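The values are calculated or read from the model by the stated rules, or taken from the named source; none is laboratory data. What you see is a predicted model; the values in this text were computed from it and never measured. Note that each Cβ is placed from the backbone with ideal geometry, even for glycine, and that neighbours are counted across all protein chains shown. These accessible areas exclude ligands, DNA and RNA; they are computed on the full protein's heavy atoms, side chains included. Shrake-Rupley method; radii C 1.70, N 1.55, O 1.52, S 1.80 Å.
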Amino acid sequence: MGSTSSTLSKIPNADELIQETGFTSAHLARLFERFEALDKDKKGYLSPQDFEAIKELALNPICDRIIGAFFSSGQEMLDFSSFVRILAHFRPIDNNRTKEPNSPDPINSRINKLKFAFQLYDQDKDGKISRNELLQVLRAMLEKQVTEEQLESIADRTIQEADLDRDDAISFEEFRKSLEKVNIDHKMSIRFLR
């Protein structure tokens, strides 16, 4: 317990981060230790290269998109607060946590998890997933498991099924609607240490 208190004292606005993200003080302390371990040069921030050094992430076929989700366009530095806010998308939804009326949805709400997932596809940030963007993800994920013809067929079928307004792209609302029956909390949750 003393170790957690000591670590929390190094984190600016720790109480606000706990309130905003729903992480416990122990989670926040552990994430700070992980952040410091990733920041091998002790710069006080993480760069895309720091993420590329994570072996498990480097093996992920959409590694570049995941890393890109941590950095705004043109941004090359990620501070601890931003690191924690992004990781909060992957916290399991806490159904016992009360939400104040008129307050924003928690970072780890279903809608915010879907928005985070949507941005992994919508690389040009135009609010739609084009056939080409979908194909890029499918190629990365399925690589040599299927032929190019099969990939194109999957992309076409996905667009056809999800594209309700028939504009040959998937808007966020169409994306959300197509995933109504998917347990997004299960698919996009990391069980953080207690």
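Within the range 158-173, can you find the residues that are open to solvent by 40 Å² or more (accessible area, probe 1.4 Å) and either under 25 Å from Arg110 (Cα atoms) or polar (S, T, N, Q) (or both)?
Quick first cut of the range 158-173, residues open to solvent by 40 Å² or more (accessible area, probe 1.4 Å) only: 158, 160-161, 164-168, 173.
Thr158, Gln160, Glu161, Leu164, Asp165, Glu173 - these are the residues of the range 158-173 that are open to solvent by 40 Å² or more (accessible area, probe 1.4 Å) and either under 25 Å from Arg110 (Cα atoms) or polar (S, T, N, Q) (or both).
Of (1) in contact with a Phe, Trp or Tyr (Cβ under 6 Å, 6 or more places away or on another chain); (2) open to solvent by 40 Å² or more (accessible area, probe 1.4 Å), Ile93 satisfies all except one. Which?
Failed condition: (1).
Return the total of residues in the range 103-126 being within 19 Å of Asp163 (Cβ to Cβ), in contact with an Asp or Glu (Cβ under 9 Å, 6 or more places away or on another chain) and surrounded by 16 or more Cβ atoms within 10 Å (Cβ to Cβ).
Counting residues in the range 103-126 that are within 19 Å of Asp163 (Cβ to Cβ), in contact with an Asp or Glu (Cβ under 9 Å, 6 or more places away or on another chain) and surrounded by 16 or more Cβ atoms within 10 Å (Cβ to Cβ) gives 3.
Here's a check for you: in the range 174-194, which residue that is among the acidic types (Asp, Glu) and surrounded by 12 or more Cβ atoms within 10 Å (Cβ to Cβ) is modelled with the highest pLDDT?
As a first pass, look at the range 174-194 and keep what is among the acidic types (Asp, Glu): 174, 180, 185.
Adding the requirement that they be surrounded by 12 or more Cβ atoms within 10 Å (Cβ to Cβ) leaves 174, 185.
Working: Glu174: 98, Asp185: 82.
Per the stated criteria, the residue is Glu174.
When you scan the range 127-151, how many residues do you find that are open to solvent by less than 70 Å² (accessible area, probe 1.4 Å) and among the charged types (D, E, K, R)? Full working, then the answer.
So the first thing to find is which residues in the range 127-151 are open to solvent by less than 70 Å² (accessible area, probe 1.4 Å), and the list is 127-130, 133-135, 137-138, 140, 142, 146, 151.
Cutting the leftovers down to among the charged types (D, E, K, R) gives us 128, 133.
Total meeting the criteria: 2.
Tally time: how many residues in the range 5-20 are of a type in the set (Gly, Ala, Ser), open to solvent by 20 Å² or more (accessible area, probe 1.4 Å) and assigned to a helix (DSSP H, G or I)?
Going residue by residue through the range 5-20, those that are of a type in the set (Gly, Ala, Ser) are 5-6, 9, 14.
This time we only want the ones that are open to solvent by 20 Å² or more (accessible area, probe 1.4 Å), so: 5-6, 9.
Now narrow it down to the ones that are assigned to a helix (DSSP H, G or I): 5-6.
Selection size over the range 5-20: 2.
Would you point out the residue of the range 61-86, among those that are in a helix (DSSP H, G or I) and among the β-branched types (Val, Ile, Thr), that is farthest from the chain's Cα centre (by Cα)?
Our first condition is that a residue be in a helix (DSSP H, G or I); within the range 61-86, this holds for 63-70, 80-86.
Filter once more, keeping what is among the β-branched types (Val, Ile, Thr): 66-67, 84, 86.
Values: Ile66: 7, Ile67: 9, Val84: 11, Ile86: 6 Å.
Of everything passing the filter in the range 61-86, Val84 is farthest from the chain's Cα centre (by Cα).
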